[in-house]
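What follows draws every value from the coordinates through simple rules; no lab data is involved. Model, not experiment: these values are computed from the prediction. Cβ atoms come from the backbone with ideal geometry, glycine included; neighbour counts cover every protein chain shown.
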Protein chains: 2
Amino acid sequence: MSSAFASAGDKRDAEEGDQLMPRFDAQGLVTAVVTDAGSGNLLMVAHMDAEALDLTIRTGVAHYRSRSRNALWKKGETSGALQSVRELRVDCDQDAVWIKVDVAKPDDTCHTGRASCFYRRLDLERDGGRTLVFDDNRSPVLRP
Amino acid sequence: MSSAFASAGDKRDAEEGDQLMPRFDAQGLVTAVVTDAGSGNLLMVAHMDAEALDLTIRTGVAHYRSRSRNALWKKGETSGALQSVRELRVDCDQDAVWIKVDVAKPDDTCHTGRASCFYRRLDLERDGGRTLVFDDNRSPVLRP
């Protein structure tokens, strides 16, 4: 598709300008960091192409590009865990966006059936920092 | 370099296991989301290769891989804005890490001279969501 966005400008335009000009990578993607608008918790990291970013802005509901399925991905379309966008930010060189969202089903953001994809932390004191500690020990929801 | 980490396992090992087995992409990178351990604010998004991730874990100071310079990047080595890692998390499929850091020079994380790289939000009500609003209007610091 022809992009719905201004072409990525020079460094100064990108960093100090007031126009959104996403810098999509070779795969046509920017990184999307998704936090809970209420708690501030990091929920997930995903990717958006121009279509997904444009739909996210226009509808107020988060859309991504699924790299594994190579398809547009309206988050929650199947699970019901839709994400309503409260704020959208862009970083200095405009290759990453940060969206703050309200989740329709807050306990079900991760496809494993957890509230966040970041449910394990490294035990930095043990095994040279190679052991992961779960902070949400619910059994995973098995989904195809 | 030979990786300092276990090879990425199958889906279940990655998602439900207690071992760090980062899933580096074709460029050998995982995405790193960096938040302020105190305020919770999103500071930056960067990338780590195996060397940078290993050094981050071993030293407790954030290291990244600079894609533009194609080099190891000890954040703050020049500016002094070193990041001390308080917690490191990994997402479900282990292709992204989340580090919570204390920054030695909190007002100077972004190379533009701001506390965070995400200093602009989209005005979703205006121009179809193409206009950016600054929330930190300090003049940029010009760095080579």
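What spacing in nm lies between the two simple spin-label points modelled at A:ASP13 and B:GLU77, each 7 Å away from Cα in the Cβ direction?
3.3 nm
For the stretch A:27-95, compute the orientation-averaged projected area of the C-alpha convex hull (one quarter of its surface), in nm².
Over every viewing direction, the Cα hull of the stretch A:27-95 projects on average to 4.9 nm².
With the label 7 angstrom out along Cα to Cβ, how close does A:ARG12 come to the same site in each of the other copies, in nm, nearest first?
5.8
At B:PRO106, with labels set 7 Å past Cα in the Cβ direction, how many nm apart are the copies from this one, shortest first?
Distances between equivalent label points, in nm: 2.6.
For chain A, what is the relative contact order in percent, using Cα pairs closer than 8 Å and at least 6 residues apart in sequence?
19 percent
Relative to 2.2 N^0.38 Å, what does the C-alpha radius of gyration of the stretch B:61-102 come to as a ratio? Two decimals please.
That works out to 1.28 for the stretch B:61-102.
Output the Cα-based Rg and Dmax of the protein assembly as shown in Å, rounding Rg to one decimal and Dmax to a whole number.
18.2, 53
Take every Cα-Cα distance within the stretch A:42-82, group them into 5 Å bins from 0 onward, and report for each bin the whole-number percent of pairs it holds.
All Cα pairs, binned at 5 Å, distribute as 6, 24, 32, 29, 8 percent.
Give the aspartates and glutamates reachable from B:LYS75 as a straight Cα distance under 13 Å; neighbours fewer than 8 places away on the same chain don't count.
Reachable aspartates and glutamates: B:ASP102, B:ASP108.
Hey, got a sec? Which trypsin sites (Lys or Arg not before Pro) in the stretch A:1-49 land in a DSSP loop and have at most 10 other Cβ atoms within 10 Å?
none
Per-residue ellipticity at 222 nm for chain B, helices alone: DSSP H runs ≥ 4 residues times -39500 (n - 2.57), over residue total, nearest 500 deg cm²/dmol?
-3000 deg cm²/dmol
Hey, how many Å between the Cα centroid of the stretch B:80-102 and the Cα centroid of the stretch A:1-58?
Distance between centres, Cα-based: 22 Å.
Looking at chain B only, what percent of DSSP beta bridges run antiparallel? Nearest 5 please.
80 percent
So what J values fall out for the stretch B:69-75 if you push phi through Karplus, 6.51 cos²θ - 1.76 cosθ + 1.60 with θ = phi - 60°, rounded to Hz, Gly and Pro as x?
Each residue of the stretch B:69-75 in turn: 9, 6, 8, 4, 9, 7, 4 Hz.
If we count every other residue with Cβ under 11 angstrom of B:GLN27's Cβ, Lys/Arg +1 and Asp/Glu -1, where does the sum land?
Its environment carries a net charge of -1.
List the distances, in nm and shortest first, from the label point of A:LYS74 to the matching label points in every other copy, placing each point 7 Å from Cα along the Cα-to-Cβ direction.
5.0
Which value, in debye to the nearest 20, describes the size of the charge dipole of chain A about its Cα centre when Lys and Arg Cβ atoms bear +1, Asp and Glu Cβ atoms bear -1, and nothing else is charged?
Dipole magnitude for chain A comes out near 620 debye.
At each listed q (0.16, 0.20 Å⁻¹), what is the log10 of I(q)/I(0) that the Debye formula gives for chain A modelled as equal alpha-carbon point scatterers?
Listed by q, the Debye log ratios stand at -0.90, -1.20.
Counting other Cβ atoms within 10 Å of each Cβ, which trypsin sites (Lys or Arg not before Pro) in the stretch A:29-82 have at most 14 and sit in a DSSP loop?
For trypsin sites (Lys or Arg not before Pro) across the stretch A:29-82 that sit outside H, G, I, E and B with at most 14 neighbouring Cβ atoms in 10 Å, the list reads A:ARG69.
Mind checking the alpha-carbon convex hull of the stretch A:17-62 and giving the volume per residue in Å³?
97 Å³
For every other residue with a beta carbon closer than 11 angstrom to the beta carbon of A:ASP95, add +1 if it is Lys or Arg and -1 if Asp or Glu, then tell me the sum.
Net charge around A:ASP95: -1.
In µm²/s, what is D for the stretch A:80-127 at 37 °C and 0.692 mPa s, where D = kT/(6 pi eta Rh) by Stokes-Einstein and Rh is the Kirkwood radius from Cα pairs?
252 µm²/s
Multiplying the sequence separation of B:ARG86 and B:ASP127 by 0.36 nm and subtracting their Cα-Cα distance, what value in nm do you get?
My answer for the length gained is 10.7 nm.
Can you find, among B:ASN70, B:VAL103, B:GLY80, the residue sitting farthest towards the positive end of the charge dipole of the stretch B:1-127, where Lys and Arg contribute +1 and Asp and Glu -1 at Cβ?
So the residue we want is B:GLY80.
Pop a pseudo-label 7 angstrom from the Cα along the beta-carbon direction at both A:SER68 and B:ALA37 and give the gap in nm to one decimal.
3.2 nm
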